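Beneath this line is the structure, given in structure tokens, with notes to follow.
The values are calculated or read from the model by the stated rules, or taken from the named source; none is laboratory data. Keep in mind that what you see is a predicted model, and the values were worked out from it rather than measured. Using ideal geometry, Cβ is built from the backbone for each residue, glycine included, and neighbour counts are taken over all protein chains shown.
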């Protein structure tokens, strides 16, 4: 059976994916599927650098603002929704275009990942929560790494809820949630990645955080905090957990901003490591600006898919 074409644009945070994706989507007649695990949440716009309706410039976008911040969003749900969308977009005669930086999500769609339904185990979760409280989040994360190294690489140690769930699946299932059934891609995929000289990227990340602060990140996070949205997957995201620590009086606002910048830089490094080790990416260096590479990326996608 002929595989359906799929365009993908990946890369670390703040590298310039969003702006370039709009130009490519217009040129290639695409609909965009967000490949970001946090932009699914309503009311979390500034901290996730969510594309605005104006920035979308009429290009259809999917899997943005589909969840309440209290709800969980799993890799499996992303896989299911994205694959349905890919079929629907093709039925409209358009090219599906996944854009994002959550490597595990992209991998789950492109390849034949299967998931085992493991029921929640309250006793196990309480035991793991107690372990984390006693020995720390890093120790809990190391426990996961021993059980399922790949899962541990995609989850931040401070996202205790996700670490415990991954441990739960690894402990009570013969199949981990990110075990590929096949290394053969499900789609005829053109996977482009944007990269940048590290110091330039880190400078862009720091600048983006400053812009977020000016645009009202503190107020946005405070609204979620005042709604008593705690211990949820959404507010474990970078940008929100640092503000929550500030609201809890654990750190000053200045320290929260420093931590936010530092965590964002570390996240970008992890993203690049993931993409380079786990996925067959054609890289484009956009240190001198993404506009300089627009035609090259377009030609790469066209050459692969058309």
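Worth a mention:
- Residue, surrounded by the most Cβ atoms within 10 Å (Cβ to Cβ), within region 153-182, restricted to residues that are modelled with pLDDT of 85 or more and assigned to a helix (DSSP H, G or I): 167
- Restricting attention to region 186-245, the residues being under 19 Å from residue 12 (Cα atoms) and either touching a strand residue (DSSP E or B) at 6+ places or on another chain (Cβ under 9 Å) or in a loop (DSSP other than H, G, I, E, B) (or both) number 13.
- Test: residue in region 133-144 that is at pLDDT 90 or above and in a loop (DSSP other than H, G, I, E, B): no
- Restricting region 250-281 to residues that are in contact (Cβ under 8 Å) with a residue 24 or more places away in the chain and not in a helix (DSSP H, G or I), the residue that is surrounded by the most Cβ atoms within 10 Å (Cβ to Cβ) is 281.
- Of all residues in region 108-132 being surrounded by fewer than 19 Cβ atoms within 10 Å (Cβ to Cβ) and not in a helix (DSSP H, G or I), the one that is modelled with the highest pLDDT: 121
- Of the set (1) touching a strand residue (DSSP E or B) at 6+ places or on another chain (Cβ under 7 Å); (2) in a helix (DSSP H, G or I); (3) surrounded by fewer than 21 Cβ atoms within 10 Å (Cβ to Cβ), all apply to residue 76 but (1).
- Residue check, residue 32 in a helix (DSSP H, G or I) and buried (at least 19 other Cβ atoms within 10 Å of the Cβ): no
- On the stretch given as region 239-249, residues that are within 20 Å of the chain's Cα centre (by Cα) and surrounded by fewer than 22 Cβ atoms within 10 Å (Cβ to Cβ) total 1.
- Of all residues in region 1-16 being in a loop (DSSP other than H, G, I, E, B) and touching a helix residue (DSSP H, G or I) at 6+ places or on another chain (Cβ under 8 Å), the one that is surrounded by the fewest Cβ atoms within 10 Å (Cβ to Cβ): 4
- Every residue from region 124-168 that is farther than 19 Å from residue 230 by Cβ, more than 24 Å from the chain's Cα centre (by Cα) and in contact (Cβ under 8 Å) with a residue 12 or more places away in the chain: 124, 131
- Among (1) in contact with a helix residue (DSSP H, G or I) (Cβ under 6 Å, 6 or more places away or on another chain); (2) buried (at least 18 other Cβ atoms within 10 Å of the Cβ); (3) farther than 29 Å from residue 273 by Cα - the single one residue 89 does not satisfy: (1)
- Residue check for residue 105: at pLDDT below 85 and under 24 Å from residue 40 (Cα atoms): no
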